[in-house]
1. Restricting attention to segment 245-260, and to residues there that are open to solvent by 20 Å² or more (accessible area, probe 1.4 Å) and in a loop (DSSP other than H, G, I, E, B), which single residue is modelled with the lowest pLDDT?
2. Mind checking which residues of segment 282-294 are open to solvent by 60 Å² or more (accessible area, probe 1.4 Å) and part of a helix (DSSP H, G or I)?
3. Taking segment 355-376, which residues are over 13 Å from G188 (Cβ atoms), among the aliphatic types (A, V, I, L, M) and either modelled with pLDDT under 80 or open to solvent by less than 40 Å² (accessible area, probe 1.4 Å) (or both)?
4. Can you tell me which residue in segment 119-157 is farthest from the chain's Cα centre (by Cα), limited to those that are within 22 Å of L359 (Cβ to Cβ) and acidic (D, E)?
5. Look through L67, L72 and report the one residue that is within 16 Å of V250 (Cα to Cα) and at pLDDT 95 or above.
6. Does G60 fit the bill of being touching a residue at least 24 places away in the same chain (Cβ under 8 Å), closer than 27 Å to W189 by Cα and surrounded by fewer than 23 Cβ atoms within 10 Å (Cβ to Cβ)?
7. Any residue in segment 212-241 that's basic (K, R): show its pairings with residues that are open to solvent by 50 Å² or more (accessible area, probe 1.4 Å) at Cβ separation under 8 Å, as long as the two are six or more apart or on different chains.
8. Yes or no: G55 out of contact with any Asp or Glu (no Cβ under 9 Å at 6 or more places or on another chain), open to solvent by 20 Å² or more (accessible area, probe 1.4 Å), at pLDDT 95 or above and over 21 Å from Y148 (Cβ atoms)?
Amino acid sequence: MTDRVGPPLWLLAELTYRCPLQCPYCSNPLDLQAGARELNTEEWLRILTEARELGAAQLGFSGGEPLVRQDLEDLVSHARGLGFYTNLITSGVGLSRERVSALKDAGLDHIQISFQSTDEELSELISGSGKAHAQKVAMARAVKEAGYPMVLNFVLHRHNIDQVPEIIALAESLSADYLELANTQYHGWALQNRDSLMPSRQQIEAAETAVNEWRQANPGGMKLFFVVPDYFEERPNPCMNGWGSMFLTVTPEGRALPCHSAAALPIDFPDLRTESVSQAWYESPGFNHYRGEDWMQEPCRQCPERDRDFGGCRCQAFALTGDAAAADPVCTLSPHRALIDEALIRAGSHRQRPPSPLLFRTLANSKDLIASSGGL
């Protein structure tokens, strides 16, 4: 297998699962305690060096909230010296003008700030912090003033997707260069909250119409990206451009993963405390598990699109069917497509039924979920 695999091009360094916010769509795994023993500075420096030597060129610092790591500037400086293009993916909580300046001096190339809403009330509901929205707005301005491209991210869901015109207006008022409207993908915490978060098809269509109308009226304006939820597609997306083909994620405790959701799979992924990045990427059973096509079941095995969509998302297949080798249930050819259709029906009827309570991303809820699954 190794002679057919190229190097990892994109490295996501999940520095910590610690975060001051409690967003119910968080992409972190349900078992937040798994990252309690974080890699130290020297371990991260070695991993960054090995990944760059292997060919990785893009580096994202993520979390949790990566700003809680006091060595972030050291990691950025080291990455800059190695030749990485670096991106900080942050809530903006914990950021300050002084730290923006320090990160700039360290060589950080790019900062992306995430928002929950256009107003404080909904932001507080989603994030669990009443001060987060004003902080985000102030830091977005500070990032722009420091000479960075202004990149904003809004995770869309039932509660805020009707605000898309207001979101675009807010981004314009902040002189954003890029606005990513990323509809929630239902893994981890978001899957636990799917009935509370998933919008109706009518909401998706209205939001996409608003985006397209703005693009037509502002051909030279900021770049808008609208990411449709997998559930509303008929064919699966080529998840991560194929398992173990381009993307390498390193978790806070040092596990190497082919994507940030793969920690939930029943696979023994390599530990970079004891293995090199090269060993993990090329030789580990975890990374070779779903490379190629030999693992595919029907209908994927005979599908003419298998070399384009790679069977879809292994994490989604496992979460919904219990079999990570199954066809992604999003595909209309999947024998499990009814699971998606049922979720869409429920989403379409949400205005006629009381909203389900949100399960927030907290350590207490994490412990309850793991205990109820027999994981503790």
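1. Within segment 245-260, the subset open to solvent by 20 Å² or more (accessible area, probe 1.4 Å) is 245-247, 253, 255, 260.
From the residues that got through so far, the ones that are in a loop (DSSP other than H, G, I, E, B) too are 245-246, 253, 260.
Details: S245: 95, M246: 95, E253: 97, H260: 91.
Among those residues, the one meeting the criterion is H260.
2. E283, P285
3. Across segment 355-376, the qualifying residues are L358, L376.
4. Checked segment 119-157; the qualifying residue farthest from the chain's Cα centre (by Cα) is E121.
5. L72
6. Taking the combined requirement at face value, the residue satisfies it.
7. From segment 212-241, the pairs are K223/D177; K223/Y178; R235/E305; R235/T332.
8. Values: out of contact with any Asp or Glu (no Cβ under 9 Å at 6 or more places or on another chain): yes; open to solvent by 20 Å² or more (accessible area, probe 1.4 Å): yes; at pLDDT 95 or above: yes; over 21 Å from Y148 (Cβ atoms): yes.
In short, yes.
The values are calculated or read from the model by the stated rules, or taken from the named source; none is laboratory data. Given the structure is predicted, the values throughout are model-derived calculations rather than measurements. Every residue, glycine as well, gets a Cβ built from its backbone with ideal geometry; the counts of neighbours run over all protein chains shown. Remember, those area values only see protein heavy atoms, side chains included, never the ligands or the DNA or RNA. Shrake-Rupley method; radii C 1.70, N 1.55, O 1.52, S 1.80 Å.
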